[in-house]
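Here the structure comes first, spelled out in structure tokens, and everything after it is commentary.
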Amino acid sequence: MEISRTDKDKGSSPYMDRQYVKWALSAKVEESETDSAAFAFGITNWRQRLCSTQEDPHFTKSWEQIRWKASQAINETLPELSFEIFRQFAETGERKAYEDVYFERRARLNALAVVTAVITDKQEHQRYLASLEDVIWDICGEYTWCLTAHLPRQGDPSQEVDLFAAETAQMLAEIYAMHQDVLDTRVAERIRTEVRRRVLTPVFTEKRPFSWRYADHNWSAVCAGGSGMAALILMNDSEEKTDAMMQTLESMNSFLSGYGADGGCAEGLGYWVYGFGYYTYFAEMLREYSHGKIDLLASEHVRSLARFPSSIHLSDGVYVNFSDSSEREVLPSGLLNRIAERTGCIHDIPFIIPGMLDDPVRRWAHLIRNFLWSDTDQNKGEKQIENQIAAISDISEQGGLRTAILPDLSWWVSRGQSSGFALKGGHNGEPHNHNDLGQFIIHGGGENLLCDLGAGMYSKAYFQEGRESIINISSGGHSVPVIGGHMQKSGPSYSAKVLKTKSREKEIQVVLDLTKAYGEAPIHCFTRSVLFQCLEDGKRTLLQLEDVFEWRGRAESIEERLISRIEPIFERGTVIWNGSRARLILRYDSALWAASCIATAHFTHEGEPYTFYTTSLVSKEQEGKQTKCQLQFEIEDMASQSSHEIPIKCNLEGLDTED
């Protein structure tokens, strides 16, 4: 039942006439009455497709994890969401203990729902079905479907709708659609009752003023999208369903308003997957339920969002990870395939079908669509490589460098054969903001040699006033300077101004005025100029950086910070970071700058320990009204084993100054 692509102009705007939406949803399709899961997923033979993946080697990891979790669900007691762990967030700000149990419960439900759908042995099917019904019953009885970190101080927690309450509603509705012919009628009725009471009634009937309704970030897409998909499956009344869709479409429009024409996501790639993923999932379900008459993926603005992962991909599944994101991401294969199919945007990134446990929060929406929407055609990868240059219109590849400039987001990303560079402007009041104006990443040999720490472990303090004291958020945890003891300030008024952008075949130059980022720092002006160049031999790349500080009074101390997960090696006037396949060589004037390093033990967003290294270059006593720091970075392929001594000379002034 895969609907053919409709006229792009028709149904492309989230603002639609109510009568049009009602008419689009009113047509009857015989299949929808006999198999609602086929209608929800847009695949008539969804069960056959799911069964066939068991023999496809691309899905081996997925099935191993699914069967393991399903076995756990049958043989072990479901972990309890106790009051002891529920109250931790309010009392201590700790959220991990509750969330670990919450997501484990969802993982077991996911696994049982998938395995039960493919088992053919009658006795075995009944065994898994009974366990599935038990877990559904237990989740329907949870005190709240929200995470503790998202609950307001007042109101009924069972009728608060956050990201995860909306996801739970959508998950239960889709599992209901898949298994309604075999579920005990009492379990099926409890799904319908609890989804309506906890989500559909407060969102669509009572129209409570949830803050996410008009948010311009992932919350509007996920909360509205999850609720909207549950409504499409479970609502029968035409007027009620139309009203729900009108509300959902309004929130989706708010979500899109947070993206500029360049399609960039200020929150980072992980939140692009989350927000745009749910936008896409809802859009495709609505397209099916409207029989192709409403197509939310048809606009040029949406296609610009679809190109974002390719724009920020450095190599080997490593991405630019400014804000709260990870540098290594395994993107949902079903989502990528469907976006490519529907928008024509080819993604030049590794094609991997993630396992359920690759997603720390075990999202059902990604999991089931990875199974049903992923295209494992062996020729697909070759076709992507052949077509990517023509298909990705915002990236130009001309010999040396392929550069993506996201002017609305104020990100610059450039890649050579085995190297890459990214620079960030913008302001310090963005969604999931870090105080990181002027932050840059240097990539070589498949890893980030100078990195961004990305998201830290979430806690109450992470989202409260004073959050800039957390190293992931503070400018002190980024490759930007400390000026006279002052770091960058938080808020939209602390901003970067773009003075110049120049992109050529083998180089890109950017000049930023970062004066406003530093608040009370004793400077008239601070500019950061970068020149990223691919050298003639094609094996080496240079980044030349020049920071110029104009003082209001006498010169004060400058500390240039450089962040890496690789321990540096110091030689006179040189710092070397040896990666697995490439090395980064920094040359600086040791007569003007003193180098040192501090190792910091830290934790990833998921709580895994690691160490990062902060290299500091501190200015020695200088006179005059200006301090200038010139740094030259060379990215060298380890296989070349050669060292090329290049004088420290900043060539930025020599470039054409036309913007």
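Structure notes:
- Positive minus negative residues near residue 524 (Lys, Arg vs Asp, Glu; Cβ under 10 Å): +1
- If you bin all the Cα-Cα distances of the range 518-599 at 10 Å, starting from zero, the percentages per bin are 13, 39, 34, 13, 2.
- 3J(HN,Hα) couplings calculated from phi for the range 451-463 with the Karplus curve 6.51 cos²θ - 1.76 cosθ + 1.60 (θ = phi - 60°) are, in sequence order, 10, 10, 5, x, 6, x, 5, 6, 8, 4, 5, 5, 10 Hz; Gly and Pro show x.
- Kirkwood Rh in Å, taken over all unlike Cα pairs in the range 184-322: 16.0
- Of all accessible heavy-atom area on the chain, the percent that carbon and sulfur account for (1.4 Å): 48
- Assuming charge only on the beta carbon of Lys and Arg (+1) and of Asp and Glu (-1), the dipole of the chain about its Cα centre is about 480 debye to the nearest 20.
- Once the chain from residue 604 to residue 548 is taken as fully extended at 0.36 nm per residue, the excess over their C-alpha distance is 16.8 nm.
- Packing-based order for 267-279, 145-157, using average beta carbon neighbours within 10 Å, highest first: 267-279, 145-157
- Kirkwood hydrodynamic radius of the range 48-154, Cα pairs, Å: 15.4
- 1.4 Å probe accessible area per residue over the chain, in Å²: 39
- Surrounding net charge for residue 179, when Lys and Arg each add one and Asp and Glu each subtract one, Cβ distance under 12 Å: -4
- Cα-based radius of gyration for the range 274-372, normalised by 2.2 N^0.38 Å, reads 1.08.
- Pairs from the list 506/620; 424/506; 424/500; 506/625; 22/207; 69/241 with a Cα-Cα gap above 24 Å: 506/620; 506/625; 69/241.
- Protection proxy ranking, highest mean first, for peptides 185-197, 252-264, 46-58: 252-264, 185-197, 46-58, where packing is the per-residue count of other beta-carbon atoms within 10 Å, averaged.
- Straight-line cross-link partners of residue 96 among the aspartates and glutamates, defined as a Cα under 16 Å from its Cα and at least 8 positions apart when in the same chain: 80, 84, 104, 359, 606, 608.
- Positive end of the dipole of the chain (Cβ unit charges, origin at the Cα centre): among 51, 219, 605, the Cα lying farthest that way belongs to 219.
- Positive minus negative residues near residue 314 (Lys, Arg vs Asp, Glu; Cβ under 10 Å): -2
- By average C-beta atoms within 10 angstrom, highest first, the peptides 478-488, 453-463, 76-86: 478-488, 453-463, 76-86
- Spin-label model distance (nm) - residue 205 vs residue 493, 7 Å beyond Cα toward Cβ: 4.7
- A helix-only calculation puts the chain at -10500 deg cm²/dmol for mean residue ellipticity at 222 nm, using -39500 (n - 2.57) for each DSSP H run of at least four residues, averaged over all residues.
- Kirkwood analysis of the Cα pair distances in the chain returns a hydrodynamic radius of 26.4 Å.
- For the range 453-544, the pair-distance distribution built from all alpha carbon pairs, in bins 10 Å wide starting at 0, is 14, 34, 30, 18, 4, 0 percent.
- Mean Kyte hydropathy of 0.5 or more with a Cα span along the axis of at least 20 Å, helices from DSSP in the chain: 163-179, 218-234
The values are calculated or read from the model by the stated rules, or taken from the named source; none is laboratory data. For clarity, every value in this text was computed on a predicted model and none was experimentally measured. Cβ: placed from backbone, ideal geometry, glycine included. Neighbour counts: every protein chain shown. For the accessible areas, the whole protein counts, side chains as well, though only heavy atoms, and no ligand, DNA or RNA atoms are used. Shrake-Rupley method; radii C 1.70, N 1.55, O 1.52, S 1.80 Å.
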